[in-house]
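Below you'll find the structure, written out as structure tokens, and then a few comments.
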Amino acid sequence: MTSDEQLIRYCKQFEEAENLTRPAREKSELCRDYFDDKQHTEDEEKALRDRGQPVVTFNEIKPKVKTMLGLEKQTRKDPKAFPRNPDDEDAARAATDAIRYVCDDSRWDDKRSRASKHLAIEGTGIVMIGVKRTRDGIDPDIRSIAWDRFYFDPQSSEDDFEDAAYLGQVIWMDLDVAKEKFPDATEALETTWASGRFSDTYDDKPKHGLWSDYRRRRVRICEHYYIEQGKWMFCMFTRGGFIAEPVLSPYMGDDGEPECPIKAISLYVDRDNNRYGEVQAMLSPQDEINKRRSKSLHVASTRQLRVSPSVNQDADAVRKELSRPDGVFIGESGEVEVLGTSDMLAGNLNLMMDAREHIHRTGANSALAGKDTNTQSGKAIALQQMGGMTEAADYLDCIRRLSLAVYRSVWSRIRQHWNAERWIRVTDNDKNVRFVGLNKPVTGMDEALKRLGDKVNDPQVQQQLAIFAQTPQAQQIVRIENNVTELDVDIVVDEGVDTPTVAAEQFDTIVKMLPGAPPNLQPALWEMAIQSSALRDKDKLAEAMKQAPDPAQQQMQQQMQQMQMRGVAAEVADKEAGAQLKLAQAQKVAQPEQAPEQPDPMDAAISAAELEIKRNELEIKRAEVAIKRGELEIKRGELGVDVYAAQTDRMTALQPPRDAQAA
């Protein structure tokens, strides 16, 4: 296929994406307008002004979307790498730190919020995981792509575009800037600028043309990724020619094969592959609210009249005069009758309130947003919040899947470009800053120091190390620590409690259980309460509790230590008594035999020593029994914790699923 044929093919792919997705894009643009308070057409605004009514919009959509965006911020989870080999735990922690470093450096939280906003309103959130050049080399870079700059294969039906044959983004640039950045494509850019075609979405702002804005001297460039012979390819083109010729995608995936750096996901996809968000379902009731309120205001500010034929005045003049607060009508009583319209007013107001209630029941409800003042019961509020979380489950799941795809692509960029030694700074909190080394060369001396550990302070070991330092093996590189190119890890999103509502309910339940819980279960309950609380530094508090000794266990350990000391003392006394016994026996052997009728004092001493030995042996046995009892109490405490955990798991398994509860 020639270069011109390829250009025609890729231009047709873009035009296909534009034409076939036009209805869905127009609907998404309408959703964005409704979110931005642009809910009346020009004809509707003119009609209201002609009637003397203000153009008032009660935007019920924006609070719902803002609640969803706040929910996304509250439920953010950090990535975590798990080793696939038992010996790679330290390297997996380094991989976790590297991914989080890239996310912080790229301000991933802000870009995720922007993608989440597009996901809720227009229906699709898009990010791109590329690279950027820094003073340390080439670093991964997470970029946000606006919804109206993204195009895709219209035949794709998967919500994450896994079955798409091509994806791309539209880039608008000034002609002079484009020629400076792409000097080899000057002719193609000039040709594109000289031509143009109308577009509704992908054009520059203001709208002037499909491929160029002639007045402002701007051109549009397509960054195109497509599959050819089973591999992802890349090119950049404009209407007049290629900016970058077709090549394999420069971004490698987990399997070492080229991948598409654009990651996108849609909230909903209908049977015609049209993609939409949460706002689309609120357009109709929002129109109902606006129309019914305008109609109610019109009915309340006007009157229906019955005028007698004997009235010698024009009907319009009578209507105008009666509509004025200080109007004057000359005539007999009963010649003009005001007809009641309260039924019309009540009907419009009821329909308006029904539409508002429908929007409030859709998606994140008012209880989840903390704005439901009618319900006073805490349990009822929790149940309503759980229902709102069930409605938002699809939205949060899409964000989680998009985040996971971003984290895995970030790790692929790290493995691809971080080949040299690299140090990154990781800030766990304001007072704990540490540095993590990647691809760090380890010499023979470094390996020896690591294996020796605390023994390095031994003078003899230091002398041997000084001798080893003079050998060539000490400076020889024996391995590469945290080698990212060889490290194989699984990237997951750290889950934890799904929602703040569940966490608050769990925290309240555990706190109520603490006063009546057995002492051996209280440490475990305290740890669970801290993890489910909303404390900002709960991880530090949990760590401090782990380091702090348990009073009950500490007391038991002290008792066991005392028992052990008593056992040691008894053992010492036993040895002393044995020594005295041997001394007495030796003295008896050394003395001459006495008359049998006289009692031997040495026999009495030996008997006393033997008695003392038996007493000491009995004391040792008592100490051993006490130690065994203490160990048994510890085992019982551990068994109680295990039984409590098993009962908790069993109760959790018996609970119906959340979807069933919501239903």
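One table, with the values for the structure above:
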| quantity | calculated |
| --- | --- |
| Per-residue SASA entry for Phe507, accessible area with 1.4 Å probe, Å² rounded to 10 | 80 |
| Estimated distance in nm for a label pair at Thr509 and Ala194, the labels positioned 7 Å out from Cα along Cα-to-Cβ | 7.4 |
| Solvent exposure of the stretch 214-308 as accessible area per residue, Å², 1.4 Å probe | 47 |
| Interchain or long-range residues, amide H under 5 Å from Asp213's placed H | Arg218, Val219 |
| Share of carbon and sulfur in the accessible heavy-atom surface of the stretch 118-268 [1.4 Å probe, %] | 48 |
| Net lengthening on full extension, Arg76/Leu449 (0.36 nm per residue, minus Cα-Cα) | 130.2 nm |
| Computed lengthening from Asp110 to Glu158, 0.36 nm per intervening residue step minus Cα-Cα distance | 14.7 nm |
| Calculated FRET value between Val307 and Leu345, using beta carbons and R₀ = 25 Å, to 0.05 | 0.70 |
| Calculated FRET value between Arg133 and Ala281, using beta carbons and R₀ = 41 Å, to 0.05 | 0.40 |
| With all protein chains modelled, accessible area of Arg415 [1.4 Å, Å²] | 70 |
| Linear extension gain, Gln229 paired with Glu617, 0.36 nm per residue minus alpha-carbon span | 131.1 nm |
| Sites Ile480 and Glu89, calculated FRET efficiency, Cβ-Cβ separation with R0 25 Å, nearest 0.05 | 0.90 |
| Accessible heavy-atom area order of Asp87, Asp136, highest first, probe of 1.4 Å | Asp87, Asp136 |
| Label-point separation, Gln473 to Lys38 (7 Å along Cα→Cβ), nm | 7.5 |
| Carbon and sulfur %, accessible surface of the stretch 393-482 computed with the full protein complex present, 1.4 Å | 49 |
| Accessible heavy-atom area order of Val625, Val406, highest first, probe of 1.4 Å | Val625, Val406 |
| Å² of accessible area per residue within the stretch 1-80, as computed with a 1.4 Å probe and no ligands counted | 56 |
| Solvent-accessible surface ranking, highest first, for Arg22, Arg135 at 1.4 angstrom | Arg135, Arg22 |
| Heavy atoms of Ser333: accessible area, 1.4 Å probe, square angstrom to 10 | 120 |
| Accessible-area composition of the stretch 1-48, carbon plus sulfur, in percent [1.4 Å probe] | 49 |
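The values are calculated or read from the model by the stated rules, or taken from the named source; none is laboratory data. Values in this document were obtained by computation on a predicted structure and should not be read as measured data. With ideal geometry, Cβ positions are generated from the backbone for all residues, glycine too; neighbour counts draw on all protein chains shown. Note: areas computed on protein heavy atoms with side chains; ligands, DNA, RNA excluded. Shrake-Rupley method; radii C 1.70, N 1.55, O 1.52, S 1.80 Å.
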